[in-house]
Amino acid sequence: MTCDLANPIFTDEAKATVHMEADRWPHGAYCPHCGSLNVHKMAGKTQAGMFLCNDCREKFTVRTGSIFERSHIPLRKWLLATHLMAASKKGMSALQLSRMLGLPYKTAWFLCHRIRESMKPTGAAPLGGQNCVVEADETLFGGKKKNRAFAKKEPKKHTVLTLVERDGQSRSFHIANVKAKTLRETIVKVASRKSYLATDELASYEAIGKEFSGHGAVNHSADEYVRLGGFIHVNTAECRFSLMKRAVFGTHHSISEAHLPRYLAEWDFKWNTRNITDGERAALALKGAEGRRLTYHGPDRTTHA
């Protein structure tokens, strides 16, 4: 399954709606309000695409209860945006999508964040396990003072911790600092303690490593990057950071602290689905759209893109 941009679901609203209904309800439509299967499709131009639940009497569409709810963006554009974001290894900027889809920038920006929300994992099992190696490493995101013409101080840095199972899944988190207590709160929740933990020489990892089946570290400050014949290293985590920073430098340029977790979710999603096609990756993102309606609350009203 490839990302075929000539597919009519990206240009025909009716076919896009049929595609979304078949994807969300492969065994028939059900009411997102009460879960009843006793529903029927309504007729007439004003009720096009709407269903009525015969039990709770609520109306709904394929958008209801998903990231698409209360959006005036055509479904065909939602589908195209999802496929473009899933197929773009280094990410797709909101400005680029704005130009390609003919949408206002603010609308495209909100659309991107809704799609990233659908890429977040749900009910994920712990990383690693017996006879598995989990690498843990941290990095900083943020600009440099020398790159700002009139900066009086260096931009704020954001610390990101990545845990990656060797030849497996990855999870990344925005954390406050690299103190042992802060790192432990995340690591012991995400990684199985039956795993072997591989880190760099940061002292904060020493006590945490004692809770795992084994712990090995490489000393980067001494130019040591691999030990024990290639068994102990954090090169996979470093690879993750390289891809993340290419997305920032080359596509997004700047990421705010408030929205960093969603970008991390997108990058983890792409890494964790690296062995499937772009089309299959987009289909997975669409599966995650249900139950994740996203709204922004302003000081005096709720804004819906």
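The values are calculated or read from the model by the stated rules, or taken from the named source; none is laboratory data. Please read all numbers here as calculations on a predicted model, not as lab measurements. All Cβ positions, glycine included, derive from the backbone under ideal geometry; neighbour counts span all protein chains shown. Each accessible area value is taken on the protein alone, full model and side chains, heavy atoms only, with ligands, DNA and RNA left out. Shrake-Rupley method; radii C 1.70, N 1.55, O 1.52, S 1.80 Å.
Assorted remarks:
- Test for residue 305: is it small (Gly, Ala, Ser), on the phi < 0 side of the Ramachandran plot, modelled with pLDDT under 90 and buried (at least 19 other Cβ atoms within 10 Å of the Cβ): yes
- Within region 96-117, if we keep just the residues that are of a type in the set (Gly, Ala, Ser) and buried (at least 18 other Cβ atoms within 10 Å of the Cβ), the residue that is farthest from residue 268 (Cα to Cα) turns out to be 98.
- Residue in region 118-141 that is least open to solvent (accessible area, probe 1.4 Å), counting only those that are out of contact with any strand residue (DSSP E or B) (no Cβ under 9 Å at 6 or more places or on another chain) and in contact (Cβ under 8 Å) with a residue 40 or more places away in the chain: 119
One line per residue, one yes/no per condition, for (1) under 16 Å from residue 282 (Cβ atoms); (2) in a loop (DSSP other than H, G, I, E, B):
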position	(1), (2)
82	yes, no
85	yes, no
106	no, no
111	yes, no
120	yes, yes
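- Of 27, 40, all but one fail to be closer than 29 Å to residue 87 by Cα, loosely packed, with under 12 Cβ neighbours inside 10 Å and over 23 Å from the mean Cα position of the chain (by Cα); the exception is 27.
- Residue list for region 48-63, restricted to those being crowded, with 19+ Cβ neighbours inside 10 Å and in a loop (DSSP other than H, G, I, E, B): 61, 62, 63
- Residues in region 87-104 that are of a type in the set (Lys, Arg) and either at positive phi or part of a loop (DSSP other than H, G, I, E, B) (or both): 89, 90.
- Restricting attention to region 221-261, the residues that are assigned to a helix (DSSP H, G or I), open to solvent by 80 Å² or more (accessible area, probe 1.4 Å) and small (Gly, Ala, Ser) total 2.
- Test: residue in region 166-179 that is farther than 28 Å from residue 89 by Cα, open to solvent by 70 Å² or more (accessible area, probe 1.4 Å) and part of a helix (DSSP H, G or I): no
- Checking each residue in region 262-278 for being part of a helix (DSSP H, G or I) and over 13 Å from residue 89 (Cβ atoms) picks out 262, 263, 264, 265, 268, 272.
- Looking only at region 195-220, and only at residues there that are part of a helix (DSSP H, G or I) and open to solvent by 30 Å² or more (accessible area, probe 1.4 Å), the one that is nearest to residue 167 (Cα to Cα): 220
- The single residue among 82, 107 that is more than 17 Å from the chain's Cα centre (by Cα) and in contact (Cβ under 8 Å) with a residue 40 or more places away in the chain turns out to be 107.
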